[in-house]
């Protein structure tokens, strides 16, 4: 294998290259070339191949593709450096164990669950808008605007996932802070704690939650996992960690992405207000356009070919979802946010057997938010370009300063 540098970048896992909008131009070029790119050992000890087109990413993640998630699903893991949770946690498991975990967890993240939580979600959205109208806090607002990334982003998904896990509202800020650190990458704001330490503290927190639920069962996910005697405490802990981080980290950036989309496309808000039936299409298009989940990694289980590249057995291959979601062969004028885009076969929630279980909940949250914003706002005025987090797992907003014009 040879190292194919892209725009002078030898390692596509380097989080710093995703801090600017230059990444879109890089992805545009790579999608057009429709080839696999090798990143030498660096952020990943064994190196990895990357694919970018919608077709190549879909093929990599397809149900019958000769790839596995059991060694890990993020850059840094591979066959020789596996995720310790591999084969035990839902997102990094396969086969019958994956199916068993899915049967236990899926009902809490399903469309039916989203419908049952509708009143709760709308109350949380109303509270978020109340805070925004009142100016937020002194650390999240300025005299001229508000930072949506810090004031709004995590509050709605955190409220929902904590409700599912039976975490009291008084602990939300604690667990959200820990998930931020777990996915913080090279962010200066999270430099006081390593991601591994954040995960350790999350697991420690759930030890207490499990003991409380053993003594006092509820109707939450932790109680459901405890009821299955085939799961030990370690497996319950890591799957609670999975649901907590998965339910918060990408959705928070989709929430912020809604405000970014409205700020960049001022015609959308009045269109949604005039025709609320457009809101589901707006949700899908914002998910495609913002594409919060950055990459998904798989390891080949036999020699195969992806994007014309021969891949040996046991090699890591990464699908870059934002690149696939701006593939002009599938999405004409991909940088434009269009409410009439149909079909919209975006990969924001992944693809295949590991398609995001929380997709229905995320859609419900974004739908409730857009409904409320269309009713409450005349417009969202950008104050500056968003600043992006130095991470490779998510397209994460560090800041999104705006002025909200209330009706």
Discussion item. Could you check the stretch 359-391 and list, in sequence order, the residues that are at pLDDT 95 or above and under 11 Å from residue 18 (Cα atoms)?
Written reply: 387, 388
Worksheet entry | Options 307, 319: the member that is more than 19 Å from residue 253 (Cβ to Cβ) and at pLDDT 95 or above | 307
Worksheet, complete the sentence: Out of (1) under 22 Å from the mean Cα position of the chain (by Cα); (2) within 18 Å of residue 94 (Cα to Cα), the one residue 314 does not meet is (1)
Worksheet, complete the sentence: residue 227 meets each of (1) at pLDDT below 95; (2) under 21 Å from residue 89 (Cα atoms); (3) over 22 Å from the mean Cα position of the chain (by Cα) with one exception, condition (1)
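Quick grid of which residues meet (1) under 20 Å from residue 15 (Cβ atoms); (2) without any contact (Cβ under 8 Å) to a residue 12 or more places away in the chain:
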{"residue": "199", "(1), (2)": "yes, no"}
{"residue": "204", "(1), (2)": "no, yes"}
{"residue": "222", "(1), (2)": "no, no"}
{"residue": "227", "(1), (2)": "no, yes"}
{"residue": "234", "(1), (2)": "no, no"}
{"residue": "243", "(1), (2)": "no, no"}
{"residue": "249", "(1), (2)": "yes, no"}
{"residue": "257", "(1), (2)": "yes, no"}
{"residue": "261", "(1), (2)": "no, no"}
Response to the item:
Sole miss for residue 96 among (1) surrounded by fewer than 17 Cβ atoms within 10 Å (Cβ to Cβ); (2) assigned to a loop (DSSP other than H, G, I, E, B) is condition (2)
Worksheet item: Filtering the stretch 335-370 down to residues that are over 30 Å from residue 107 (Cβ atoms) and within 20 Å of the chain's Cα centre (by Cα), which residue is surrounded by the most Cβ atoms within 10 Å (Cβ to Cβ)?
Response: 337
Worksheet item: Only one residue in 262, 278 is within 30 Å of residue 372 (Cβ to Cβ), surrounded by fewer than 24 Cβ atoms within 10 Å (Cβ to Cβ) and touching a helix residue (DSSP H, G or I) at 6+ places or on another chain (Cβ under 7 Å). Which one?
Response: 278
Worksheet item: Across the stretch 360-386, what is the total count of residues that are touching a helix residue (DSSP H, G or I) at 6+ places or on another chain (Cβ under 8 Å) and more than 18 Å from residue 122 (Cβ to Cβ)?
Response: 6
Worksheet item: Is the stretch 203-214 home to any residue that is within 21 Å of the chain's Cα centre (by Cα), farther than 25 Å from residue 72 by Cβ and surrounded by 19 or more Cβ atoms within 10 Å (Cβ to Cβ)?
Response: no
Worksheet item: How about the stretch 219-237: which of its residues are part of a loop (DSSP other than H, G, I, E, B) and surrounded by 13 or more Cβ atoms within 10 Å (Cβ to Cβ)?
Response: 220, 228, 231
Worksheet item: Just a yes or no: is a residue in the stretch 190-206 out of contact with any helix residue (DSSP H, G or I) (no Cβ under 6 Å at 6 or more places or on another chain), more than 28 Å from residue 395 (Cβ to Cβ) and at pLDDT below 95?
Response: yes
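So that you can scan it fast, the table gives a plain yes or no per residue for (1) within 21 Å of residue 345 (Cα to Cα); (2) surrounded by fewer than 18 Cβ atoms within 10 Å (Cβ to Cβ); (3) in contact with a strand residue (DSSP E or B) (Cβ under 9 Å, 6 or more places away or on another chain):
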position	(1), (2), (3)
25	no, yes, no
64	yes, yes, no
73	no, no, yes
77	no, no, yes
Discussion item. Tally up the residues in the stretch 99-117 that are part of a helix (DSSP H, G or I) and touching a helix residue (DSSP H, G or I) at 6+ places or on another chain (Cβ under 7 Å), please.
Written reply: 10
Fill in: Qualifying positions in the stretch 388-407 - buried (at least 16 other Cβ atoms within 10 Å of the Cβ) and farther than 19 Å from residue 182 by Cβ
399, 400, 401, 402, 404
Discussion item. Any residue at all in the stretch 313-321 that's buried (at least 20 other Cβ atoms within 10 Å of the Cβ) and out of contact with any strand residue (DSSP E or B) (no Cβ under 6 Å at 6 or more places or on another chain)?
Written reply: no
Fill in: Pick from the stretch 6-22, criterion assigned to a helix (DSSP H, G or I), surrounded by fewer than 22 Cβ atoms within 10 Å (Cβ to Cβ) and touching a residue at least 60 places away in the same chain (Cβ under 8 Å), ranking: nearest to the chain's Cα centre (by Cα)
15
Practice prompt. Pick out, from the stretch 302-407, the strands (runs of 3 or more DSSP E) lying fully within it that include 1 or more residues that are within 20 Å of residue 57 (Cα to Cα).
Written response: 304-306, 309-311, 316-320
Discussion item. I need the full set of residues from the stretch 30-62 which are closer than 18 Å to residue 333 by Cα, in a helix (DSSP H, G or I) and touching a strand residue (DSSP E or B) at 6+ places or on another chain (Cβ under 8 Å), in order please.
Written reply: 30
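The values are calculated or read from the model by the stated rules, or taken from the named source; none is laboratory data. What you see is a predicted model, and the numbers here were worked out from it, not measured in a lab. In this analysis, Cβ positions are derived from the backbone assuming ideal geometry, glycine residues included, and neighbour counts consider all displayed protein chains.
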